[in-house]
Amino acid sequence: MRSSPLRILVVGAGIAGLAVARALRMAGFRPDVTEKLPPGELADTGLYLPGNAARALRHLDLDGPVRPLGQIVHRQRFLDATGAPLCEVDLDALWAGVGECRALPRADLHRVLLSGAGGAVRHGAEVRAIDLLPASVGVTFVDGTATEYDLVVGADGPRSSVRALAALGGPARPAGQVVYRSVVRDGPPVDEWTALLGQRAGFLVVPIGAGRLYCYADEAGTRPPADPVARMRELFGDYGGPVPEVLDALDRVRVGATDEVELGRWHRGRVLLVGDAAHATAPTLSQGAAMALEDAVVLAESLRAAGSVEAALTAYESRRRPRTRWVRDRTRDRNRTRDVPPALRDPLLRGRGDRIFGEHYRLLTGPL
């Protein structure tokens, strides 16, 4: 498809939207990128990128800028709530030939993607209406301005307004987890991805460079507490390993209930959903950013190869659905494993945990 004449709008300037903008620019397109929120400092939190995310960043020619950031993670260590070992996963072996695993501040990756996308984002531009025309999409913004586009890409997260305006599905549904995220400084020495599994709750600590630790914890439920720091200390106060020192060092904690999005289709007319707007899951497998980066790569490839926008969107969805479905199903599998009583689960993990957890990524080590 001839690239330059296409008028493309990307709605959302998070990881998914900026990755799509970067991929489209590399393919010769010049998309508009809008974000309803004003520009501002990103929340102080971390991000773990498995090997398939590193591969997608290579496709986007952004592996170089990311390489100095954060810390490469070679191993996943699973412990019980007391801190006793359960199993380990050799990440170098699991992702051999695909890419390294890396943990870094989320804001660092966002800055790399923003630069790669060209840096031009129209903030405060919320979409009010979408009109599906025979060969284009009419978009009206809340300030009253209106424009026609050949393609609109909704990359605006699990509570996507594009999804609602284009009638591509209902609201996200709760995934049944409350998650806590924080970055800890002056915490205990942790040099690998380390998770402690308790009774329907888990506590993860990952080094992200410069002496900082990304702390992620979850528990079954749908209602975030009013005081997340107090709740974490209550819930995980009896845990062992590095948890007591991490709890002592906690300052600010972001808390929220996780959403899941499962749709019958991702595109209607010339409107397409990508990233969490199309296929959000609980963050158990750390695949949200990786799936968004892969989405961007495959969308640009599909637009280059197809003879029309409609054919490109059909080809894109047929390629991406099997992988995102795998992530959804394996996420649910791992959540069920976590929810098994420790007296039954922990002996199983001590014997077979490396194979069980490694199998969750098997399809993702294959080609995009």
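Tell me the helices (runs of 4 or more DSSP H) entirely within the stretch 278-368 that contain at least 3 residues that are touching a helix residue (DSSP H, G or I) at 6+ places or on another chain (Cβ under 9 Å) and closer than 17 Å to L24 by Cβ. So that I can check it myself, show each step before the final result.
On the way: elements: 288-305, 309-339, 342-359.
Per the criteria, 288-305, 309-339.
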Of all residues in the stretch 1-27, which are part of a loop (DSSP other than H, G, I, E, B) and either closer than 19 Å to F141 by Cβ or among the basic types (K, R) (or both)? R2, R7, G12, A13, G14
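Could you check the stretch 282-306 and list, in sequence order, the residues that are among the polar types (S, T, N, Q) and under 9 Å from the mean Cα position of the chain (by Cα)? So that I can check it myself, show each step before the final result.
Quick first cut of the stretch 282-306, residues among the polar types (S, T, N, Q) only: 284, 286-287, 302.
Answer for the stretch 282-306, where residues must be among the polar types (S, T, N, Q) and under 9 Å from the mean Cα position of the chain (by Cα): S286, Q287.
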Residue, nearest to the chain's Cα centre (by Cα), within the stretch 114-123, restricted to residues that are surrounded by 16 or more Cβ atoms within 10 Å (Cβ to Cβ) and in a helix (DSSP H, G or I): L114
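Hey, can you tell me all the residues within the stretch 307-346 that are farther than 30 Å from V152 by Cβ and within 19 Å of the chain's Cα centre (by Cα)?
R330, R332, D333, R334, N335
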Would you pick out the residues in the stretch 1-60 that are of a type in the set (F, W, Y) and farther than 21 Å from R270 by Cα? Y48
Hits in the stretch 256-277 (condition: in contact with a Leu (Cβ under 9 Å, 6 or more places away or on another chain) and assigned to a strand (DSSP E or B)): H267, R268, V271, L272, L273
Can you work out which of the residues in the stretch 246-255 that are outside any loop (DSSP other than H, G, I, E, B) and of a type in the set (V, I, T) is farthest from the chain's Cα centre (by Cα)? V246
Report, ordered by the first and then the second residue, all pairs with beta carbons closer than 7 Å, sequence separation of six or more or different chains, a first member in the stretch 152-165 that is closer than 17 Å to M291 by Cα and among the acidic types (D, E), and a second member that is at pLDDT 95 or above and part of a loop (DSSP other than H, G, I, E, B). D156/G12
I need a count of the residues in the stretch 76-129 that are among the charged types (D, E, K, R), touching a Lys or Arg at 6+ places or on another chain (Cβ under 7 Å) and under 30 Å from D143 (Cα atoms). 1
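Specify the residue that is surrounded by the fewest Cβ atoms within 10 Å (Cβ to Cβ); the eligible residues are those in the stretch 28-67 that are assigned to a strand (DSSP E or B) and out of contact with any Cys (no Cβ under 9 Å at 6 or more places or on another chain). Show your work before the answer.
Of the stretch 28-67, the ones assigned to a strand (DSSP E or B) are 32-35, 46-49.
Now narrow it down to the ones that are out of contact with any Cys (no Cβ under 9 Å at 6 or more places or on another chain): 32-35, 47.
Details: D32: 18, V33: 26, T34: 21, E35: 21, L47: 25.
Here the answer is D32.
The values are calculated or read from the model by the stated rules, or taken from the named source; none is laboratory data. Nothing here was measured: the structure is a model prediction, and the numbers come from that model. Quick reminder, even Gly has a Cβ in these numbers, built from the backbone with ideal geometry, and neighbours come from all protein chains shown.
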